[in-house]
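Quick notes on the structure that follows.
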Amino acid sequence: MKIFLMAGTEDGRKLAEFLLNKGFEVTASVVSEYGKKLLEQYSGISINNKKLDAAELTEILKVGKFDALVDSSHPYALNATRNALDACANINLPYVRFEREIGDFGALNAFHVESYEQAAIKAAELGKNIFLTTGSRNLKIFVDLLKNCNITARVLPTAEVLAECEKLGLTPKQIIAMQGPFSTEMNVEMFKHAQAEVIVTKDGGKIGGIDTKIAAAQILKIPVVIIDRPKIFYPKVAATFEEVLNFLLSKGEILK
């Protein structure tokens, strides 16, 4: 079977390796050179690193004669998922969403919001020194809405990301450019160093490090603002690689 895999996450790359080892022909799609380099380690994989809208994706899926699309894009990559759903609907192609687990927050001092704008507003209500662990793509929202606060942004250490931080007016003191995952102990030290009064995060699941962020915040008794995942209806969701495999095998039987 020929699979188009949206693979811009760590679990997406592991899923690509899993499917390749099961004998599938895999084309993995990412939107950065860094993501492409990480995928190049897998023998036999094809890679698309061009950002695609729904029409472009539809054309690639149709011309490439793919048998199914596996969406393991980031839980907050809303546009990518919508494009995949639209493209598959356009040509009646089987679609399955691999959805990483949602965090278990227990009795955490947490404030759940539905958007980056709401997160900025809530964070400003809770404190002045705000530690952002939400990445760089929506950083402008926080910079614009938190002008009266002190921001520390933890981002990936790539030239593109650092250029964006500089463009937004962030100083070196406000930037922690490191790649995770981070242990609880490391998060504690970073939060303390920044004198953080509020942590802002997304629910990227354990693989996204939300568990260690929360543990560190609890140790320091710091409130956490959590941007909940976008609410999307998926026609088929798999929680494990085996469930993805079983779905594809079932579709393969139909194609025989």
**Message:** Checking the condition more than 28 Å from residue 26 (Cβ to Cβ), over 19 Å from the mean Cα position of the chain (by Cα) and surrounded by fewer than 13 Cβ atoms within 10 Å (Cβ to Cβ), which residue from 221, 192 passes?
**Reply:** 221
**Item:** Failed item, numbered, when residue 97 is tested on (1) in contact (Cβ under 8 Å) with a residue 60 or more places away in the chain; (2) within 30 Å of residue 55 (Cβ to Cβ); (3) surrounded by fewer than 21 Cβ atoms within 10 Å (Cβ to Cβ); (4) not small (Gly, Ala, Ser)
**Value:** (3)
**Subset of the stretch 59-84 [aliphatic (A, V, I, L, M) and open to solvent by 40 Å² or more (accessible area, probe 1.4 Å)]** = 60, 63, 78
**Prompt:** Could you say whether any residue in the stretch 48-69 is within 15 Å of residue 13 (Cβ to Cβ) and not aromatic (Phe, Trp, Tyr)?
**Reply:** yes
**Prompt:** Would the stretch 177-187 turn up any residue that is more than 30 Å from residue 86 (Cβ to Cβ), aromatic (Phe, Trp, Tyr) and surrounded by 13 or more Cβ atoms within 10 Å (Cβ to Cβ)?
**Reply:** yes
**Asked** Residues in the stretch 215-226: is at least one in contact (Cβ under 8 Å) with a residue 60 or more places away in the chain and part of a helix (DSSP H, G or I)?
**Response** yes
**Request:** Output the residues belonging to the stretch 1-37 that are part of a strand (DSSP E or B) and surrounded by 18 or more Cβ atoms within 10 Å (Cβ to Cβ).
**Result:** 3, 4, 5, 6, 26, 27, 28, 29
**Asked** If we scan the stretch 196-210, do we find a residue that is among the acidic types (Asp, Glu), surrounded by fewer than 17 Cβ atoms within 10 Å (Cβ to Cβ) and modelled with pLDDT of 95 or more?
**Response** no
**Request:** Would you confirm whether any residue within the stretch 188-202 is touching a Cys at 6+ places or on another chain (Cβ under 6 Å) and not in a helix (DSSP H, G or I)?
**Result:** no
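On the given criteria, is residue 242 open to solvent by 50 Å² or more (accessible area, probe 1.4 Å) and closer than 18 Å to residue 130 by Cβ?
no
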**Prompt:** Taking only pairs six or more apart or across chains, which ones have beta-carbon atoms under 9 Å, a first residue in the stretch 23-40 that is farther than 22 Å from residue 54 by Cβ and touching a residue at least 60 places away in the same chain (Cβ under 8 Å), and a second residue that is assigned to a loop (DSSP other than H, G, I, E, B) and open to solvent by 60 Å² or more (accessible area, probe 1.4 Å)?
**Reply:** 24/1; 34/156
**Asked** Residues of the stretch 38-54 being in a loop (DSSP other than H, G, I, E, B), under 19 Å from residue 83 (Cβ atoms) and open to solvent by less than 40 Å² (accessible area, probe 1.4 Å), which ones?
**Response** 52
**Request:** Would you list the helices (runs of 4 or more DSSP H) that sit entirely within the stretch 55-166 and hold 1 or more residues that are at pLDDT below 95 and under 17 Å from the mean Cα position of the chain (by Cα)?
**Result:** 78-91
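The values are calculated or read from the model by the stated rules, or taken from the named source; none is laboratory data. The structure presented is a predicted model; accordingly, all values stated were derived computationally and were not measured. With ideal geometry, Cβ positions are generated from the backbone for all residues, glycine too; neighbour counts draw on all protein chains shown. Only protein heavy atoms, including side chains, enter the accessible area calculation; ligands, DNA and RNA are left aside. Shrake-Rupley method; radii C 1.70, N 1.55, O 1.52, S 1.80 Å.
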